[in-house]
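Laboratory data are not the source of any read-out in this text; all were calculated from the coordinates shown. The structure presented is a predicted model; accordingly, all values stated were derived computationally and were not measured. Methodologically, a virtual Cβ is constructed for each residue, glycine included, from the backbone with ideal geometry; neighbour enumeration extends over all protein chains shown.
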Amino acid sequence: MEDADSTIEHPLFQEQLLTEAAQAIRNAIVGRLHDDGLNHHDVQFRVKSPASAAEKMSRRDRLGRLKYPGGLEKLDDLIGVRVILFVESDIEAVAIALSSQFTCLDDEDKTAIMRKNGGIGYAGRHLTLQVPFEKAPLNCAHFAGRRFEVQIRTILQHAWAEFEHDIRFKGPSGDNAEISRAFTMASTLIELADQQFVNIADTLKRLQAEGALEVPEAKMLDAGSLQSVLTRAFPTYRNSKENQYDWMVQVLAANGIDTVAAAEDWLNSFDPQRLAQLMEYRFNPGQVRVADDLLLQTFGESHVAATKAVGSDRNRELKLRSRLRRLRSDEAPENAGPA
């Protein structure tokens with residue numbers, strides 16, 4: 001049986017290397033969510049300790065057989081990543097985005113299974129991913145082949161799960177019936193609250209699309225007015241993370257678009273469905289990502305030059321050029337935007 005000392009000496013369990021891999025994976029995920037305009041609260045990671053890994057490998061089933069006979073090579077959760085979202089309706093898009101970025105070995109929507117079987121509350125969306133050997137995400141090539149687990153949950157589900165873990169698994173309560181009942185009731189309320197958060201987000205998007213939250217056209221663009229403009233232009237696309245609208249205000253200004261009226265006029269001259277066909281989006285991206293792609297389609301190299309240094313993404317120029325090649329290779333000459 002493995003112990004903590006032998007585990008930490010194993011070549012797969014070099015804590016510093018695991019931490020470096022986890023940080024690189026976390027950064028790649030954050031970058032992907034930002035690039036796709038997917039709104040999120042936080043992305044966290046943890047590395048399993050030698051003692052925890054040794055304890056897991058020592059677990060046996062009812063017949064006394066090891067549950068993980070393959071040792072560390074069979075443990076997918078030496079690195080764990082948690083993506084925390086605001087609304088439950090974004091979970092599917094994030095799962096698709098991460099499965100496109102990494103090799104997906106397993107995808108289990110435990111919440112959907114539980115609800116289909118008549119259960120109540122939260123169980124989680126769990127992915128088992130692997131850093132691909134070819135076309136690894138930026139700064140992850142050194143960790144090709146490394147497997148890790150991802151939990152995708154809302155901020156309310158996260159609060160419930162963390163509290164339950166501390167009380168029921170770390171605390172002395174165990175399977176106390178009264179506490180179990182209270183947690184079941186709380187999970188029901190959280191499920192209802194998550195549904196209302198989705199309703200609120202949908203209602204806000206509808207009001208913005210209908211122009212019920214109008215802003216003066218002569219007004220200079222800011223994050224709030226830009227979100228309203230983009231929602232009217234792209235009513236079927238999801239809201240982006242709040243700070244991305246501030247960033248897009250700067251990106252638009254770099255292309256000479258700095259008022260509500262100018263943004264409305266420019267956006268209304270495009271067919272976003274045509275862009276979606278060119279980019280082959282696997283899911284509805286965020287509004288900011290769509291606007292950035294439209295700018296790239298319209299202004300081409302000048303957009304790259306004007307905005308490559310906007311924001312903190314040091315790899316933005318490489319990403320823009322990769323997306324521009326896709327746009328230019330798929331477009332017929334007569335449909336290409338001005339360079």
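Pop out the Kirkwood hydrodynamic radius of region 214-335 from its pairwise C-alpha distances, inverse of mean 1/r, in Å to one decimal. Intermediate results must be reported in sequence, preceding the final value.
On the way: mean 1/r = 0.0683 Å⁻¹.
When all Cα pairs of region 214-335 are included, the Kirkwood radius is 14.6 Å.
Scan around residue 107 for amide H atoms under 5 Å from its own, H built in the peptide plane at 1.01 Å from N, and keep only partners 5 or more places away or cross-chain.
128
Just order 195-207, 36-48 by mean Cβ neighbour count inside 10 Å, highest at the front, would you?
Going by the mean number of other Cβ atoms within 10 Å, highest first, we get 36-48, 195-207.
Determine, for the chain, the count of lysine pairs separated by eight or more sequence positions (or lying on different chains) whose alpha-carbon distance falls under 13 Å. Can you show the working numbers first?
Details: 48/56; 56/67; 56/74; 308/319.
Step by step, the pairs that qualify in the chain add up to 4.
What distance in nm separates the two pseudo spin-label positions at residue 130 and residue 274, each 7 Å out from Cα along the beta-carbon direction?
4.2
Computed from the mean reciprocal separation of all distinct C-alpha pairs, what Kirkwood hydrodynamic radius does region 25-74 have, in Å?
Evaluated over region 25-74, this radius sits at 13.8 Å.
For residue 286, which sequence-distant residues (separation of 5 or more, or a different chain) have an amide H within less than 5 Å of its own amide H, given hydrogens modelled in the peptide plane?
Distant-sequence amide H within range of residue 286: 37, 38.
Would you list the P(r) distribution for region 4-155, with all Cα-Cα distances sorted into 10 Å bins from 0 and each bin expressed as a whole %?
Cα pair-distance distribution for region 4-155, in percent: 11, 37, 33, 17, 2.
For region 99-141, what number results from the quotient of the Cα radius of gyration and 2.2 N^0.38 Å?
That works out to 1.58 for region 99-141.
If I model a spin label at residue 99 and residue 166 as a point 7 Å from the Cα along the Cα→Cβ vector, what separation in nanometres do I get?
Between residue 99 and residue 166, the label points sit 3.4 nm apart.
Can you give the extra length, in nm with one decimal, that the chain gains between residue 207 and residue 329 once fully stretched, where that is 0.36 nm per residue apart less the Cα-Cα distance? Working shown, then result.
On the way: separation 122, 0.36 × 122 = 43.92 nm, distance 3.74 nm.
This chain segment gains 40.2 nm when fully extended.
Based only on other Cβ atoms within 10 Å, what is the fewest-to-most ordering of 328, 62?
Lowest to highest Cβ neighbour count: 62, 328.
Relative to the present Cα-Cα distance, how much length would full extension add between residue 220 and residue 141 at 0.36 nm per residue of separation?
24.1 nm is the gain from fully extending residue 220 to residue 141.
Taking 41 Å as R0, compute the FRET efficiency from the Cβ-Cβ separation of residue 179 and residue 108 and round it to 0.05.
According to the calculation, E is roughly 0.95.
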